[in-house]
Every structure is written in C-alpha cells, then in structure tokens.
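Quick notes on the structure that follows.
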Amino acid sequence: MTAPRFFVDDPPVDGDVVLSERDAHHARTVLRMHEGDAVVLVDPRGREYAGRLERVDGERLEVAVLERLPTRTPASHAVLFQCLGKGRKMDQVVRQATELGAAAIVPVVSDRTVVRAGEGGWSGKLARWQRIAVEAAKQSRRHDVPEVREPVALGQAAQELASLEGAVVLWEGPGGEPVGAAVEALGLGVGDRVGVLVGPEGGLSDEEAALLRASGARLVSLGPLILRTETAGVVGLALTLGALGGLAPDGVAGGGTGSRDD
C-alpha cells in the first residue's frame, strides 16, 4: 500500500508537523490510520517528505518528518481554459484535469456561457473547485496542486494564450486539424507551456474562434462526434499531453486505475 499524501502550507522543518483539521479527519475516519503509519508530506513548492504518523491525540494528528524525497519533474505545463458549463460540470472538469496533470485550470466566460457570478462573486465556487483539486491531487499522487483561477472573459483568455509557447482551441466547425498535427506544427514538446481551450455547451461563435486564432492558437477537432463540454475539455487536454510526449513524463506515475480515495 502506497503511503497517503498530505499537502502542507509550509515546508516541514525538524520536528513534527500537525495535519490540518480536514486532513486529520480524513486520515482518522476514512483511511483509518494509526500511529506508526507512513505518510508523504508535500510542501507548497511541490517538494515531498517521507513521514510517520507519530501521535494521534483526539482530533490532533502529528507527523514526524523523516527525510526529503527526490525531486520529481512537474506533471505538465499544460493549462486548461474551460468555458463554464451549467450546474456542477466544472467540478468534474477540475477533478479529471487535475488527475491528468494540468498545471492550472482557468474557467472562462464566453458569449454563450450561461453561468455567471452570483451576488457574492466567484469566491464560493472557487473555494470548492480548489478543494476538489487538492483531493484529486492526493488521489492521483501528484506532488503539486494546480491553481484554479478566477474566471476570465474570453478576450483575456485569448491574451493569456498568446503569452504561452502554443495553444489549441477545440472547434466543432470546419477547418479543425487533429490535435497531434497542431502540436507538431507549433513545434511543442514536453516542458513547453501550452494552453487548451474548450467552449461552453453552445460552442464558440465564429467571431470568438477568429479572435483565438488571431492570438496564435490553432483550431483543432476531436473528430466527427460532438462531445459535452465537460468531456471535450478533458479529452482535449489528454490528447494534447499525449502529443507533447506522453501523460507520464520523467518520474510521474501514470496508468493506474485504482479507485482508492486517499
């Protein structure tokens, strides 16, 4: 059994680390952990530390830091720009994009996006999305947690795509090329910063597609079938990562299908 991992707010120093209340509850009630069990701690810079559950005192769990583990390369440098879908579709996108190794997830508001910020803004949804990203990072044994950014307008997304080494936009209209061909034409490889943008339920307008193409992005097709927006974003990200050199570059575990939640 692989040691469960917990993300901590500060780099561990000599001595014990106290798990957050949320992590302590998960360790006790879900994982059924006991004193002496092995854990892995991950600091904000993605550095990993081997640890041992040293003390269980009610709701307080302390972990003894044993050693720093070898540094692993980032899962990817791909950023998913996902136009917001109705309901809780973004929850699914965040979870699966995190499992695939997205470096960041940027919700986008386009002309046909139905979802808008409520009176309290995006803070509630952002907090939930970031929690989902943390849990998905633990489950997939990532050594980092992707940032889920505050939603941006499509025009701003186009500007951000232009600042990357390359970008692809999922497009159901005519003229879309295969993802692999687009990545090859852009001259991209592992380590390059690349953006993947997918539209909302109603798709992107012709004007939006033209704006994104003018920013340097290439329009790509996922084939003759029309996918739901929450499916298309994850599939497009996976195909892009594969075209960049694989879903499991140096030192990143991949291919597991276990359903254990830790």
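The values are calculated or read from the model by the stated rules, or taken from the named source; none is laboratory data. Keep in mind it's a predicted model, so treat the numbers as computed, not measured. FYI the Cβ positions are ideal-geometry reconstructions off the backbone, even for glycines, and counts take in every protein chain you see.
Tell me whether the range 68-86 contains one or more residues that are in a strand (DSSP E or B) and surrounded by fewer than 24 Cβ atoms within 10 Å (Cβ to Cβ). Yes, the range 68-86 contains at least one residue that is in a strand (DSSP E or B) and surrounded by fewer than 24 Cβ atoms within 10 Å (Cβ to Cβ).
Quick check on LEU219: is it among the aliphatic types (A, V, I, L, M), closer than 22 Å to LEU164 by Cα and crowded, with 16+ Cβ neighbours inside 10 Å? Yes.
Residues of the range 170-178 include none that is in a loop (DSSP other than H, G, I, E, B), in the same structural domain as LEU84 (by TED's automatic domain parsing), under 20 Å from the mean Cα position of the chain (by Cα) and charged (D, E, K, R). If we keep just the residues of the range 3-45 that are under 21 Å from ILE132 (Cβ atoms), among the β-branched types (Val, Ile, Thr) and touching a residue at least 40 places away in the same chain (Cβ under 8 Å), which is surrounded by the most Cβ atoms within 10 Å (Cβ to Cβ)? Among those that are under 21 Å from ILE132 (Cβ atoms), among the β-branched types (Val, Ile, Thr) and touching a residue at least 40 places away in the same chain (Cβ under 8 Å), it is VAL42. Quick one: is ALA75 at pLDDT 90 or above, under 22 Å from ALA238 (Cα atoms) and touching a Ser or Thr at 6+ places or on another chain (Cβ under 9 Å)? For ALA75, the condition - at pLDDT 90 or above, under 22 Å from ALA238 (Cα atoms) and touching a Ser or Thr at 6+ places or on another chain (Cβ under 9 Å) - is not met.
Can you find a residue in the range 116-126 that is under 24 Å from LEU239 (Cβ atoms) and either crowded, with 22+ Cβ neighbours inside 10 Å or of a type in the set (Phe, Trp, Tyr) (or both)?
No, the range 116-126 has no match at all.
Taking the criterion of being more than 21 Å from LEU241 (Cα to Cα), assigned to a loop (DSSP other than H, G, I, E, B) and touching a helix residue (DSSP H, G or I) at 6+ places or on another chain (Cβ under 6 Å), the only residue of the range 92-140 that qualifies is SER110. Filtering HIS34, HIS143 for residues that are within 17 Å of the chain's Cα centre (by Cα) and part of a loop (DSSP other than H, G, I, E, B) leaves a single hit, HIS143. Screening VAL220, VAL196 for residues that are touching a residue at least 60 places away in the same chain (Cβ under 8 Å) and either closer than 19 Å to GLN82 by Cα or in contact with a Cys (Cβ under 8 Å, 6 or more places away or on another chain) (or both) leaves exactly one candidate, VAL196. Being modelled with pLDDT under 95 and assigned by TED's automatic domain parsing to the domain that holds ARG88 is the requirement here; does VAL196 meet it? Answer is no for this residue.
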